[in-house]
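The values are calculated or read from the model by the stated rules, or taken from the named source; none is laboratory data. None of the values given here were measured: they were computed from a predicted structure. Here the Cβ is made from the backbone with ideal geometry for all residues, glycine too, and neighbour counts use every protein chain on show. Ligands, DNA and RNA are excluded from the accessible area calculation, which covers all protein heavy atoms including side chains. Shrake-Rupley method; radii C 1.70, N 1.55, O 1.52, S 1.80 Å.
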2 protein chains.
Amino acid sequence: MKFNLGQKNTINTIKPPLRFIAVGDGVTKNLSIYEYGDDIIAVDYGIGFPGVDDVGVDFIIPDMSYLVENAHKVKGLLISHAHADHFGAVPHLLKELNIPIYANKITQAYIKSMLEEKQFKSIRENVKFHLLDPTVGEIRLGSFKVSAFGVNHSVPGSLGLVIDTPEGRILHIADFKIDPTPVLDQPMDLNKVKELSKDILCLVSDSLGARTKGAVPSEKTLDHTFPTLFSKYEKSQLFITTISSNISRMYQIIDAAVKAGRRVVPTGRSIDKSVKIARALGYLPFSDSAFATLKEARNLTPDSIVYLIAGCFGQRGSALDRLSRGEHRDVYLEEGAIVIFSAEPNPPGVDLDVEDVCANFVLAGAEVIDHTNFDNLHVSGHGHREELSKIASIVNPKYYIPKGGSIVQMHAYANMIYDMGVEKGKVFELQEGEVIEFMDGVAKKGERLEVHDQYFDGTSVSPIVIADRRLLSQDGVFVVIVPIDDANKEVFARVDVVTRGFIYVKESGKLVGEAKNLVNSLISKSKGKNQDWGALKSKIEYSIEKYLHKETGRSPMVIVHGAKF
Amino acid sequence: MKFNLGQKNTINTIKPPLRFIAVGDGVTKNLSIYEYGDDIIAVDYGIGFPGVDDVGVDFIIPDMSYLVENAHKVKGLLISHAHADHFGAVPHLLKELNIPIYANKITQAYIKSMLEEKQFKSIRENVKFHLLDPTVGEIRLGSFKVSAFGVNHSVPGSLGLVIDTPEGRILHIADFKIDPTPVLDQPMDLNKVKELSKDILCLVSDSLGARTKGAVPSEKTLDHTFPTLFSKYEKSQLFITTISSNISRMYQIIDAAVKAGRRVVPTGRSIDKSVKIARALGYLPFSDSAFATLKEARNLTPDSIVYLIAGCFGQRGSALDRLSRGEHRDVYLEEGAIVIFSAEPNPPGVDLDVEDVCANFVLAGAEVIDHTNFDNLHVSGHGHREELSKIASIVNPKYYIPKGGSIVQMHAYANMIYDMGVEKGKVFELQEGEVIEFMDGVAKKGERLEVHDQYFDGTSVSPIVIADRRLLSQDGVFVVIVPIDDANKEVFARVDVVTRGFIYVKESGKLVGEAKNLVNSLISKSKGKNQDWGALKSKIEYSIEKYLHKETGRSPMVIVHGAKF
C-alpha cells in the first residue's frame, strides 16, 4: 500500500477532512478505515475467500499496511458481528499491531478461540478486548465517538455502528436484515434507527441483497420445518447441515430434536466450536442431555440422535464431504439416511462442490432434502431490496456508501437509491483502496491507495507464487537443465529435460528429443561468441517456448536452469 | 474400456439380450449404445465440459473404445439434436471409425462445419451423412428399426427416437420440453407420442429438470421482451448475449431489431457460425439488410445496430468477456451501453465467471440487464417435473432410464416416477459404463464396462498429465537436480534446486539451503554402500517431501532428477 501523505501537509489552523478508506472491499474480506487528522478507527478485519484464479489459496486477508504505517494514530478496531469475513483476520493483524478490539461477547469468544492456535501464542496474552454492544453507551476514540445498536443477521448480537465525527454522523450498518420475529435476537428497532438518524452525513450499508426483490422472510417461517422433518423421518438416520455460525438455526434444530427425542451430535470442527461458544454464552439453553459427542453417538441408535454437521457448501475436507465419500472416521452413513441442507440457495462459486457431495450421498443410498424438494429450509441473513431501501429512507443521509456486496451488487444498490429520487453522485461505489474525503459536509473521492491482498496457504504466500501456480496449472512445466562448468564458464553439450503436466513423456520422446537438439544447437552456435549465460538462457527459453507451442498448441512454463559444477 | 465378452459365449440357438450401455453419462458428453447380437447403434456423441479438477482441459469426449473394438457391428450413429454435448465429438470419433451419421439438416450443418477444421482434413470427404427427421420414416439398421418424431428444445428440429428392437420398442427422448407455442418449431405432438407408445419396453428420458417444480414457460412468453427493451433503450449502444445455438431466441431478437430499425451484428465465432447455418437453412428468414458485419458496424451509429454477442456464461476469451475487459479488437464499449443477458439462470459452475464479466461492465460504465432487474429474459430448453412426468405417463413404459441429468437429477427423476405409483426397481439410474440387459421383457443390470474419458487441451491429453497439473496447481513444484557421473555412477556432491509455485525463493534461501544440505547428507551417507540410484532417488524424494511439509505445511510435487554426464 502506498502511503498517502496528503494530510501531513495540513497546518494546524486548517482542519483535516474526514477520510473513509475502503481497504478490503467486495462481499468478504471487510476492512473500512475512518481517519480524521491524527485519529484512525477501523471497522471489521475479516478474511476473504479465494477467487477462481487464486490457486491453492486457503484465504486472503485485507492489506494491513495503512494501519501498521499509521500505528500511532490507530485508536481501535470495531467488529460489527461474529462472521469470519468480518473478524477472521484479526489475529493476523494483532501479530503486527496490538490494537484495542471493540466487539460483542460472541465475536470476542470466536477471536479468543482463534488466538488459541499455536501461531498466535506469542500475542495471546496481550490482546485488549473491550465490550461493544447496545448496552455500553458511547465510546470515545480520539476525535470519534462510537456507539452500537442491534440489527438482525444470521448470527446473534450483530451491530450497527453510530460513528460521530467532527464532520458529522456516520451510520455504518454492515450485514443486516430486518426480522420482525427473529429466533434469538430482538427485532431490529426501526424507531431507534430513526431517532439516531438526525442529519446523517453518510450511510455505509450492506448491499449484498440489492439485486433481489422483496424482503427476506423471517427466521420464524422455519419454525415448523424441523418438527415436520423429524416427524416425517422419525425412523431414519438424520443429518442436518447449516452454516456453522448460524446459531439461531441451530437453536431451531436442537429445539425440534429435543422435542422429537433425538440428541444432537455436533459434527465437524466449526460446528463444534460454534455450539460450544453459543452454549457458554447462553444462546443455546438446552441441558447437557440434549447433546451427544461423536463417541457417545456410537452407542446410540440412529433414530435417537441427529447429526448437526459442518460443510453445507460442499467444502472439500469438511465433515459432510468426508461423510459423503464414506471417509468420516466416526460416522457411518446408513442406507436410506436423510441429509438435510438448511443453507440454500448457495452463494456463488460453490454449486459444483455441493452437487458433488449430493451425488456422493445419492450413490451411497442416502436421500438429499433441499430447497428443490422441501420448503422453508433456509432464509438469508442479508436484507433484500425492500429492507435496504427502507433503512436508506429512514436514515436519509446526505451520502451513501454501499458495502459488503460485489461490484454488481453495489451498483444495483446505487441504482436503487437513485430510483428513490436521490440526486446523482450521492452514492459512492468504491473499489479496494478508494477513498472518500468529507469536508464541510461535502464528499469527494480522494487519491486512491494501492492495496495488496495477503494470501494464506497454511502460512502467508506471495502473489508471485500464486501466479506461478496459475501458470503451472494450465500447461504444466518444462525444465531444461543445462550443465555449466562454473570454472571456465563453458557449457556442456548434454542437456536434460524434466517435464510434468505438459505432455505424457512416454508418448512424447520425439518432442523432448527435438527440444534437446534445439537447445544443443543454440549452445553450439553461441560457442566462441563470448555470449554470457543470461543472454543465452533467455534465447533458449524463448526458442523452446516457441517450439513447444508450435508443436502442441500449449504453453508450459519453460525454465532453463544452468546447473553449475 | 474393458471389452465385455459376455455375449460371445451365447450360441446361435439362444437369442441374445438387448443391451443398453450408458457410456457417456451425466448432463453432457452424451453417448448411448444399443446392442443386439451382432448389431450396434449409437445415439449421440457429444463433448463434455471439464470439472473443477480437470485443470487446463478444454473439453472431454466419451470413451469410443467399445464402438471401435466392435466396429464390425456398428450400423450407425443417430444424433438427437444440434447441441455440442450431443454431436460435438463426432469428428473425433469419425477419425477412428467411419460410421454412418443419421442426423437432421441443422445437426449435419454443424458437424460439417467442424469437419472444415484442419485436424479433420483427412476424413472430411468420406463421411456418410443420412437424413434423420420425422419426414424420412423408418430406417432399418441391422436388427433395429428407427424413426424420429419432433420434440421441443432450445435448438430447432430436435428429435425423439423410436427404436424398435427384437426385445420391444424403446422411446429415446434426449433433451426436450413441451412448448405449446414455440417460435420456430411445431409444438410437440403429444397425440403422436401417445400413438407411438404401445407396449413400450423402456423410456430413455431427459431428466435435467427433475428437481424443478412446474413446467417451463413457452418461448412465446418472451415475445414482448425484446421489443420492450429496444424501445426502452432506443438511444443506447446495445449488446444482447444468449446461448449460441438458441436460434429461436435469435429469431426473436432479430425480428425485434428489424422492427426497431437496428441491424444485427453477429459478434463472436459461435454466434456467427450459428447465424450462418440457421440462415442457410431458412430458420432466420430476414433479408441481408437485417444484418451487418463487425466491419460495417464501424461506420454505423450505435443506435442503428445491436450486437448479438457470444459468451453469455462469461466464458474466458469469449467475445463478451473480451468486450467487458476493453480488449475486443472490433467493438468499443460506450459509456452507458446496455448489456442484456438472455440466458439466465446460469448452469452450475459459471456464476463466478458471469459475475466477473458483469463487474467489468459495471466498472466500464455499462448497465447490465438480467433476470434480477428485468422479467422474461429466458426460458429453459429442458422440461421441468410437470413435463417429464407428463411424458412418462403418456409413454407408460415397463422400464425407465433417466438420461442427460446429473446423478442427483437422475435420482430425482426416479423418485418422481416412484411417486407416480410405479413399482420400485423399474427405474435404472445409470453411471458411466453401466449396462442394462433386456431379455424376454425383463431388464437387469449387466456387467459394468470400464470407461475412460478422453481429455482434450488443443489436442488429446493424458489423464496422467491432468493429474500432474492438479498437483502442480496446489503447491507448485520442487525440482532437485543431482548431477551423476554416468561413467562411474558416482554422485557429485553439489546439488541444485529449481522451484516454482511453492515458496518465494528470494525470501526462502534458508529453506532451499537446508533442503540441499539434506540431499547432500543423504548422498554422503549412501557412498560406499553400493546403493543404486533408483533407491537413493526415492529416499531423497521421500525425505524432501517430509522436510518441506514439516517446514511449510505444503506438499509441492518433488522431482529428484539425476543429471548424467
ask   = Could we say that residue A:308 is modelled with pLDDT of 95 or more, part of a strand (DSSP E or B) and not β-branched (Val, Ile, Thr) here?
value = yes
remark   = When the stretch B:51-78 is checked residue by residue, the ones that are in contact (Cβ under 8 Å) with a residue 60 or more places away in the chain and part of a loop (DSSP other than H, G, I, E, B) are B:52, B:53, B:54, B:55, B:56, B:57, B:58, B:62, B:63, B:64
request  = Pick out the one residue from B:142, B:137, B:150 that is surrounded by fewer than 19 Cβ atoms within 10 Å (Cβ to Cβ) and at pLDDT 95 or above.
outcome  = B:142
task = Would you be able to tell me the number of residues in the stretch B:387-423 that are under 19 Å from residue B:216 (Cβ atoms) and among the basic types (Lys, Arg)?
result = 2
query = In the stretch B:337-355, what residues are part of a helix (DSSP H, G or I) and crowded, with 22+ Cβ neighbours inside 10 Å?
reply = B:354
note = Picking from B:118, B:105, the residue that is modelled with pLDDT under 95 and out of contact with any Lys or Arg (no Cβ under 9 Å at 6 or more places or on another chain) would be B:118
note = Within the stretch B:311-321, the residues that are open to solvent by less than 10 Å² (accessible area, probe 1.4 Å), small (Gly, Ala, Ser) and either away from chain A (no Cβ under 11 Å) or more than 26 Å from the chain's Cα centre (by Cα) (or both) are B:311, B:319
inquiry  = Could you go through the stretch B:322-329 and let me know if any residue there is in contact (Cβ under 8 Å) with a residue 40 or more places away in the chain, more than 30 Å from residue B:163 (Cα to Cα), within 12 Å of another protein chain (Cβ to nearest Cβ) and not in a strand (DSSP E or B).
reply    = yes
remark   = Taking the stretch B:443-473 and keeping only residues that are surrounded by fewer than 18 Cβ atoms within 10 Å (Cβ to Cβ), assigned to a strand (DSSP E or B) and at the interface with chain A (Cβ under 8 Å from one of its Cβ atoms), one is left with B:459
inquiry  = So, in the stretch A:487-525, exactly how many residues are more than 10 Å from every other protein chain (Cβ to nearest Cβ) and at pLDDT 80 or above?
reply    = 17
request  = Just name the residue that is nearest to the other protein chains (Cβ to nearest Cβ) out of those in the stretch B:526-551 that are more than 28 Å from residue A:465 (Cα to Cα) and of a type outside the set (D, E, K, R).
outcome  = B:533
request  = State yes or no: is residue A:418 assigned to a helix (DSSP H, G or I) and out of contact with any helix residue (DSSP H, G or I) (no Cβ under 7 Å at 6 or more places or on another chain)?
outcome  = yes
query = When you look at residue B:435, is it within 14 Å of chain A (Cβ to nearest Cβ), assigned to a strand (DSSP E or B), touching a residue at least 12 places away in the same chain (Cβ under 8 Å) and not polar (S, T, N, Q), yes or no?
reply = no
request  = For residues that are part of a loop (DSSP other than H, G, I, E, B) and more than 7 Å from chain B (Cβ to nearest Cβ), scanning just the stretch A:356-372, find the one that is farthest from residue A:238 (Cα to Cα).
outcome  = A:371
ask   = In the set A:181, A:212, A:107, which member is open to solvent by 50 Å² or more (accessible area, probe 1.4 Å), hydroxyl-bearing (Ser, Thr, Tyr), under 23 Å from residue A:403 (Cα atoms) and touching a residue at least 24 places away in the same chain (Cβ under 8 Å)?
value = A:212
ask   = Using beta carbons and a limit of 6 Å, which pairs, at least six apart or on different chains, have the first residue in the stretch A:256-272 and assigned to a strand (DSSP E or B) and the second one charged (D, E, K, R)?
value = A:266/A:272
inquiry  = Give me the residue from the stretch B:474-485 that is more than 9 Å from chain A (Cβ to nearest Cβ) and modelled with pLDDT under 90 and, out of that set, farthest from residue A:560 (Cα to Cα).
reply    = B:485
task = For the stretch B:264-278, name all the residues that are of a type in the set (D, E, K, R) and crowded, with 17+ Cβ neighbours inside 10 Å.
result = B:272, B:273
query = So which residues in the stretch B:507-565 are more than 45 Å from the chain's Cα centre (by Cα), open to solvent by less than 30 Å² (accessible area, probe 1.4 Å), under 26 Å from residue A:459 (Cβ atoms) and touching a residue at least 24 places away in the same chain (Cβ under 8 Å)?
reply = B:519
message = When you scan the stretch B:370-380, do you find a residue that is open to solvent by 10 Å² or more (accessible area, probe 1.4 Å), on the phi < 0 side of the Ramachandran plot, of a type in the set (Ser, Thr, Tyr) and free of Cβ contacts under 8 Å to residues at least 12 places away in the same chain, even just one?
response = yes
ask   = Residue check, residue B:29 against (1) part of a loop (DSSP other than H, G, I, E, B); (2) modelled with pLDDT of 95 or more, all met but one. Which one?
value = (2)
query = Are any residues in the stretch A:416-442 surrounded by 15 or more Cβ atoms within 10 Å (Cβ to Cβ) and among the basic types (Lys, Arg), and if so, which ones?
reply = A:426
ask   = Consider residue A:234 against the criteria (1) of a type in the set (Asp, Glu); (2) assigned to a helix (DSSP H, G or I); (3) touching a helix residue (DSSP H, G or I) at 6+ places or on another chain (Cβ under 8 Å): it satisfies all of them except one. Which criterion is unmet?
value = (2)
query = Within the stretch A:281-295, is even one residue open to solvent by less than 50 Å² (accessible area, probe 1.4 Å), closer than 23 Å to residue A:180 by Cα, of a type in the set (A, V, I, L, M) and touching a Phe, Trp or Tyr at 6+ places or on another chain (Cβ under 8 Å)?
reply = yes
query = Given the conditions (1) part of a loop (DSSP other than H, G, I, E, B); (2) exposed (fewer than 14 other Cβ atoms within 10 Å of the Cβ); (3) touching a residue at least 12 places away in the same chain (Cβ under 8 Å), and given that residue A:95 satisfies all but one, which numbered condition is not satisfied?
reply = (1)
ask   = Can you find even one residue in the stretch B:434-441 that is of a type outside the set (D, E, K, R), at pLDDT 85 or above, within 30 Å of residue B:69 (Cβ to Cβ) and under 25 Å from the mean Cα position of the chain (by Cα)?
value = yes
note = Note on the stretch B:229-255: residues surrounded by 23 or more Cβ atoms within 10 Å (Cβ to Cβ) and without any contact (Cβ under 8 Å) to a residue 40 or more places away in the chain are none
inquiry  = For the stretch B:153-168: of the residues being open to solvent by 10 Å² or more (accessible area, probe 1.4 Å) and touching a helix residue (DSSP H, G or I) at 6+ places or on another chain (Cβ under 8 Å), which is farthest from residue B:216 (Cα to Cα)?
reply    = B:157
